[in-house]
Amino acid sequence: MQWLSLYFPQLALDHRLRAHHDDPAWAELALAISEMRGRRAVIHSCTDAARRQGVVPGMSTSAARNLCPELRLQPLDETRQQQALERLASHAMQFTPAISLQPPDGLLMEIGASADLFGGLASLHAQISAAVHQLGYRHVAALAPTPLAARWLSRAGAARVITTPHRLAAALRGLPVEVMELDERILAALRGMGLHRIGDCLRLPRDEGGRRLGSALFTALDRALGKRPDPRRPWLPPKRFSSRLILPEAVTSSERLLFAARRLLTELVDCLRAGNLGVREFVLRLVHDGEGHTDLPLQLAGTTRDADHLLLMLRTRLESFSLPAPVAEIVLRAETLVELAARNHELFPGPEEAQEDWLQLLNHLRMRLGDDAVQGIHAVAEHRPEYAWQAAPAPAHDRPPGLQRPLWLLDEPRPLQVVHRRPCLHGRLDILAGPERIEAGWWDGGEIRRDYYVMCNPGRQQFWVFRCHDQPGAWYLHGLFA
């Protein structure tokens with residue numbers, strides 16, 4: 001097995017700035033994330049612009065403000081930090097399904113089984129690092145045969161690639177003991193004994209060391225060196241999605257809003273692909289500068305996870321929407337994610353691909369024209385054709401099984417010219433199917449007694465016509481076939 005560890009030293013900060021990591025203006029922003037350590041507020045992480053003015057992690061916030069008066073402080077939100085880790089795991093599922101979260105700042109991925117699909121370990125390693133960097137997250141990636149060794153290497157900032165177990169001990173010897181993430185009591189005891197490197201711990205006698213330090217240290221060392229099993233609980237994608245993005249400044253145009261929302265849509269699609277899921281509806285919440293918010297619900301005709309299609313739907317929706325106030329923050333929510341049936345891709349487009357194209361067209365029309373302007377037809381349990389259907393939300397298009405019905409039904413039946421007792425419409429009509437007798441409506445005063453036929457003229461146009469029992473010799477046109 002080959003484990004890739006991704007360590008994110010400033011995950012909370014990068015998540016806050018992920019939409020602007022390639023913006024030169026934001027590279028000069030002095031921003032820091034603060035956290036509480038006991039009763040003290042200290043710097044958790046900060047931007048390079050703040051570091052250049054002397055701000056460093058672990059410094060008190062008051063000292064940081066003295067060094068950098070223009071410093072912007074944001075409190076650490078552990079819930080959003082966990083959500084950021086899950087979004088990264090969703091994105092990484094395109095490379096391997098074996099992913100384990102290492103909260104609060106890491107991912108472990110078993111990539112040995114999928115390496116051949118991506119051109120080998122080195123190529124897959126590079127592709128994963130590039131994908132994470134493109135999302136705007138700084139990270140250290142390390143590869144090792146055991147998950148714990150990979151984790152320790154990455155936490156130490158050592159972007160090493162170790163592929164054979166016998167090289168693990170040499171690679172770990174020089175790492176500080178703090179990367180082992182042991183209990184603070186054990187770390188303090190190790191430092192008190194003058195043991196500052198993992199190599200120092202490897203030389204400890206097991207019996208004496210176990211009595212003084214407990215078994216946790218040696219269990220961790222054995223797992224890191226592959227001498228003891230180290231099973232990892234796999235991460236499973238969530239069944240709902242929610243993500244927010246704070247905008248650099250209040251947005252007043254739909255085009256700029258779409259640019260920011262694109263990042264949230266990418267995260268949504270990553271989540272859908274990770275769990276083989278699709279979305280039928282989602283809501284974009286616009287949090288206005290000041291107070292209040294506006295919700296933009298998007299209801300789709302079918303289930304999809306196509307990023308381009310979702311972006312087109314959102315673009316169309318925003319083009320017809322006027323912002324009531326400047327937007328300072330956006331939130332994307334999809335409460336219900338639908339599992340998609342797995343299917344193989346065909347060489348030539350088949351019925352399923354045609355259905356997807358139809359649903360995309362239907363969604364576009366609904367976003368452009370409104371839901372009321374795009375309707376489907378739903379069959380009703382009624383024999384009389386005039387009452388056997390009703391408008392329904394698209395894409396309802398069912399019809400009574402086994403019965404041939406025209407696509408276009410006239411509002412009122414139209415009398416036909418009769419020549420030699422045969423109906424005519426652009427020529428004499430010939431019978432293709434029928435008769436189908438319909439007798440109904442006696443219970444509500446709308447009684448009919450008709451024989452319906454499918455007929456065609458010399459031009460091969462097909463029509464749905466009938467004759468009434470109470471009007472011998474009279475023929476009526478009621479529908480046209482496409």
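The values are calculated or read from the model by the stated rules, or taken from the named source; none is laboratory data. None of the values given here were measured: they were computed from a predicted structure. Using ideal geometry, Cβ is built from the backbone for each residue, glycine included, and neighbour counts are taken over all protein chains shown.
The single residue among ARG18, ARG52 that is modelled with pLDDT of 90 or more, of a type in the set (Lys, Arg) and on the phi < 0 side of the Ramachandran plot turns out to be ARG52. Selection of helices (runs of 4 or more DSSP H) fully inside segment 69-176 by the criterion of at least 1 residues being of a type in the set (Asp, Glu) and touching a Phe, Trp or Tyr at 6+ places or on another chain (Cβ under 9 Å) returns 78-92.
Reported count of residues in segment 416-443, each being among the hydrophobic types (A, V, I, L, M, F, W, C), under 17 Å from TRP464 (Cβ atoms) and not in a strand (DSSP E or B), is 3.
Restricting attention to segment 25-58, the residues that are without any contact (Cβ under 8 Å) to a residue 40 or more places away in the chain, in a loop (DSSP other than H, G, I, E, B) and surrounded by 19 or more Cβ atoms within 10 Å (Cβ to Cβ) total 2.
Being at pLDDT 95 or above, under 30 Å from THR219 (Cα atoms) and not basic (Lys, Arg) is true of THR146.
Could you list, in sequence order, the residues of segment 222-234 that are in contact (Cβ under 8 Å) with a residue 40 or more places away in the chain and of a type outside the set (Asp, Glu)? Show your work before the answer.
Going through segment 222-234, the residues in contact (Cβ under 8 Å) with a residue 40 or more places away in the chain turn out to be 223-226, 230, 232-234.
Those that are in contact (Cβ under 8 Å) with a residue 40 or more places away in the chain and of a type outside the set (Asp, Glu): ARG223, ALA224, LEU225, GLY226, ARG232, ARG233, PRO234.
Which ones in segment 177-200 are part of a helix (DSSP H, G or I) and in contact with a Gly (Cβ under 8 Å, 6 or more places away or on another chain)? Quick ask: steps written out before the conclusion?
Here is the first cut: in segment 177-200, the ones part of a helix (DSSP H, G or I) are 177-180, 184-192, 198-200.
Selection gives ILE186, ILE198, GLY199, ASP200.
Evaluated against (1) aromatic (Phe, Trp, Tyr); (2) touching a residue at least 12 places away in the same chain (Cβ under 8 Å); (3) out of contact with any Leu (no Cβ under 7 Å at 6 or more places or on another chain), PHE259 falls short on exactly one condition, (2). ALA84 meets the conditions (1) surrounded by fewer than 20 Cβ atoms within 10 Å (Cβ to Cβ); (2) under 28 Å from the mean Cα position of the chain (by Cα) in every case but one. The failed one is (1).
How many residues are surrounded by fewer than 18 Cβ atoms within 10 Å (Cβ to Cβ) and either assigned to a strand (DSSP E or B) or among the charged types (D, E, K, R) (or both) when one looks only at segment 288-302? Talk me through it step by step, then tell me what you get.
From segment 288-302, those surrounded by fewer than 18 Cβ atoms within 10 Å (Cβ to Cβ) are 288-297, 299, 302; that's our starting set.
Checking which are either assigned to a strand (DSSP E or B) or among the charged types (D, E, K, R) (or both) leaves us with 288-289, 291, 293-297, 299, 302.
Total satisfying the criteria: 10.
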